[in-house]
1. Name the strands (runs of 3 or more DSSP E) wholly within the range A:259-341 that hold at least 1 residues that are among the β-branched types (Val, Ile, Thr) and in contact with a Pro (Cβ under 7 Å, 6 or more places away or on another chain)?
2. Hey, does the range A:176-183 have a residue that's away from chain B (no Cβ under 14 Å), of a type outside the set (Asp, Glu) and more than 24 Å from A:LEU331 (Cα to Cα)?
3. Can you tell me which residues in the range A:342-359 are in a loop (DSSP other than H, G, I, E, B), free of Cβ contacts under 8 Å to residues at least 24 places away in the same chain and either among the small types (Gly, Ala, Ser) or touching a Pro at 6+ places or on another chain (Cβ under 7 Å) (or both)?
4. Exactly one condition in (1) surrounded by fewer than 22 Cβ atoms within 10 Å (Cβ to Cβ); (2) at pLDDT 95 or above is false for A:ALA11; which is it?
5. Which residues, taken from the range A:196-231, are hydroxyl-bearing (Ser, Thr, Tyr) and more than 30 Å from B:GLY141 (Cβ to Cβ)?
6. Residue check, B:SER225 against (1) touching a residue at least 12 places away in the same chain (Cβ under 8 Å); (2) exposed (fewer than 14 other Cβ atoms within 10 Å of the Cβ), all met but one. Which one?
7. Of the residues B:LEU194, B:LEU162, B:LEU219, B:LEU166, which is closer than 24 Å to A:TYR110 by Cβ and aliphatic (A, V, I, L, M)?
8. Return a yes/no flag: does the range A:204-212 have any residue that is farther than 23 Å from A:PHE24 by Cα, assigned to a loop (DSSP other than H, G, I, E, B) and touching a helix residue (DSSP H, G or I) at 6+ places or on another chain (Cβ under 6 Å).
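The values are calculated or read from the model by the stated rules, or taken from the named source; none is laboratory data. The structure displayed is predicted, hence computed values, not measured ones. Cβ sites come from the backbone with ideal geometry, for glycine too, and all protein chains shown count toward neighbours.
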Amino acid sequence: MKKNSVLLIVALLISKAGFSQVSFDDILSADNDANWLSYSQNLFNQRHSGLDQVNTGNVAELELQWVWQARSLEKFEATPLVVDGVLYTVQAPNDVIALDAGTGRIFWTYNHEPAPARTCCGRVNRGLAILGNTLFMGTVDGRLLAIDARSGNLIWNTEVADADALYSITMPPMVVEDKVYIGTAGGDLGIRGYVAAYDVTTGAEIWKTYTIPGPGEPGHESWSADSWQTGGAAIWNAGAYDQEANLVYWGTGNPAPDWDGRSRLGDNLYSDSVVAFDADTGEIKWHYQFTPHDEMDYDSTQVPVLVDRQWDGRLRKLMLWANRNGLMYVLDRVTGEFLHGKPYVNVNWMNGFDESGRPIRAPGMVPSVEGTLIRPHVHGAINWAPTAYSPKHDLYYVAHWEDSGILAIEGQFPQALGVNRRQTTMGDVALEPFLNNNEEARGVIRAYDPDTLDAVWEFDLGNITWGGVLTTDGDIVFGGGKDGYFVALDASSGELLWKANLGGQVNAAPMSYAVNGKQYIAIAAGTALFTFALPE
Amino acid sequence: MNSLQTCLSLLVVLLVVTTSPSSLAQHETGADLLGGERAFRDYCANCHGPDGDLIGQVDLGHNNFRQPYSDEEIAGIIMNGIPNTPMPPTPRVTEEQAYMLVAYLRSLGERDDGALSGNVARGQTLYEGRGKCMDCHMINGRGSVLGPDLSSIALVRSAKELEQSLLEPDSEVQPGNRFYSVQTSNGEMVSGRLLNHDAFTVQMLDSNETLRSFEKSQLISFGFSNPDMPSLATGYTQQEIADLVAYLSTLRRGAAQ
């Protein structure tokens, strides 16, 4: 879409009188660039904005517009939503904030004080969903809230899971038609994961499906003894939806206990998998397991990216997936068929795939008494941060770690090596000196060819990264890293076009929106949300 | 009265005050009742509600306790709680405050203000119909978000306060319910509930239930205005007011069961 036409549409949207209710068609639309209506803009999760006011020719002029400081010392992992000039985000753990997207001034705050809950990696939240005038948020104490987007008043509050049983919720919900879906975290603590659908109006449960099959269900045999009851396979990150296939997709987390598989012999289905559920019934239609019998905490909770493109000479519905286990995949998202996969970082735990797409284990690359160096690190090549796909450039953009590794010791928490020992804190909010040498983990943003999964270009972030990426029709990729830099890269070449030091670690993914014809780029760093735009 | 009599009288008064706090309940002053009311709001209303009737069979506002208690027993319950029940001890309440509370509760029970008895069903009909209350207020998801959400209003407002709000809506407006009006540079007049303002901008929820934000430098005029809440003192009978109050007094969403 050309710049002028985008601005015209933006102006028309903003000049509308009255608050626009968000319809499900709005959420599905690929042409609603002024707004950002779901976690990764739309339910294909391409995290690609059609806005092009900020482009390679002027991005170097970007200026800070406003900053919103969260009253929280938790990691700021949420991606905001924007609806007709109103920006909604989450102050961790579970306060919802409505801001003027043009000035950053507060409209209202909804405070939820969670009951005591245990989370593996911080009392965090990754964002909201919206439908009509209702915002939805999962809470660390296992609840799903519906909040009036105009007033900030609570509409309903439903228990999804029991926080006393070590369940929690950190993921953004997803809305499809009249349902809102949410899954449960706690996989490291021995829960039995599930995802459930709720009525958007009443909060009543519609369906609930466990990610670990119970007795008599297919896949139950992949767990020894009673290990299925506490086997994890949590769902704690954003899902995707294909309307034609009527499938909703989520990646699942590691099996528990994380680093010791001796008590849970077998493949441990559906841990470390992508699972396709019937959107109406919750029935599991297919699954693909990325890491059978995982002992390295390789959660597969990355955000599924859906792409319609040519494959072997015909148009196919594909799913792109850069996994924590160091492998990148192309799957058929209708059938779950494995089409292509290969390492995208230094990987030593597997040697290729068999004909079905199952990874072939490298001999001896398992936890041992004396310790086995396994690559990538327990934190993975990538963790949960969202990736992006540009239909304009037909490139898949991923911010991840390269050359990471960790010592896997039988029955113990893996031991990091050298200065990488510092990396065992999962995305702390504080900046700290970077001391890695050239052979230790570093952060990169890379563009991958979705046919070959080969890297087309690389931008070296230096320090590792917990941040995601955004691509725009302005031919730019935005991303950030642990050192607090926020960068704009040429989407074709990876050339650095602009950077800003935000003084706090980037633990979230960028997004873009427009108000009154002006494009903004937003990114959370440290405990604040920053927005940038061109000078007027 | 000679000086001896004066001294004896003073001594008697001192003895009564210093040795028998329980006598406050029978010989309370206006200050005692105010102190008791303040203590009630600080320590009791959170669980018992503004009218004292949110807990089971207990209706403090009408002196209906689980069983007849003496003043001393009530004061003891206030300070020490009731073991094995949700009624907790309140160690911050002094003995003097406890007896002020007793005096206040006794005064509520003795009150006969001649108020009309309202009908809840008629009140709801009036609320949803001729009163047009839903145009601005929401109850359990139905209505407008422009004015205060009334789903839990009985948890924070007594019947007396509700009646006052209906008759004199401008007499006490909570900061979160203040109204604001602006005139934009193109002449548009916008008024609504003030959400936030600073030296340069103002944010409000306008009468179309739209979140609006303005740069003050772009406005012709701006400032506080009165809410559009009309007084029901005219156009409604005393019985209708009582009916509305009766209905609003039932709105206790989220109250402990």
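1. Correct list: A:273-278, A:305-311, A:327-332.
2. Within the range A:176-183, one or more residues are away from chain B (no Cβ under 14 Å), of a type outside the set (Asp, Glu) and more than 24 Å from A:LEU331 (Cα to Cα).
3. Matches in the range A:342-359: A:SER356 only.
4. All conditions are met except number (2).
5. A:TYR210, A:THR211, A:SER222, A:SER224, A:SER227, A:THR230 - these are the residues of the range A:196-231 that are hydroxyl-bearing (Ser, Thr, Tyr) and more than 30 Å from B:GLY141 (Cβ to Cβ).
6. (2)
7. The unique qualifying residue is B:LEU194.
8. Checked against the condition, which is being farther than 23 Å from A:PHE24 by Cα, assigned to a loop (DSSP other than H, G, I, E, B) and touching a helix residue (DSSP H, G or I) at 6+ places or on another chain (Cβ under 6 Å), the range A:204-212 yields at least one hit.
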